[in-house]
């Protein structure tokens, strides 16, 4: 399980959980389980399930095992492991180092922006001196 940014939701972070799927080679329904499934299906066909009774085929009483074999799906959801990965970010520089670095760059850019003004002032001074000398 990991936290990552999700473009589909309004939250800045959401959880994404992935599941491994393993297909079994066993037959979907065991013989002893078929009888309890048959009783449950017949009970739902007699009562209303979500306000609608389940309609059984006409040959249900003779071919109910075939219908269960064709239509029954067994789903088991189990966890793969108890291991949880947690990612923690830590700053590589301290606040004082950050402020110091910003100050260095600001000083550098101020010096770079002042040098052309000094050169222009020197050029004007030399032109005036040459003109009046």
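The values are calculated or read from the model by the stated rules, or taken from the named source; none is laboratory data. Values in this document were obtained by computation on a predicted structure and should not be read as measured data. We place every Cβ from the backbone using ideal geometry, glycine too, and count neighbours over all the protein chains shown.
Of all the listed residues (123, 108, 98), the sole one being outside any loop (DSSP other than H, G, I, E, B), under 39 Å from the mean Cα position of the chain (by Cα) and not assigned by TED's automatic domain parsing to the domain that holds residue 29 is 98. Answer with yes or no whether residue 130 is farther than 30 Å from residue 30 by Cα and in a loop (DSSP other than H, G, I, E, B). So residue 130 fails the test. Taking residue 93 as the residue in question, decide whether it is over 30 Å from residue 31 (Cβ atoms) and in contact with a helix residue (DSSP H, G or I) (Cβ under 9 Å, 6 or more places away or on another chain). When the stated conditions are applied, residue 93 passes them. Among the residues making up the range 61-98, those that are surrounded by 10 or more Cβ atoms within 10 Å (Cβ to Cβ) and in contact (Cβ under 8 Å) with a residue 12 or more places away in the chain are 64, 65, 68, 69, 72, 74.
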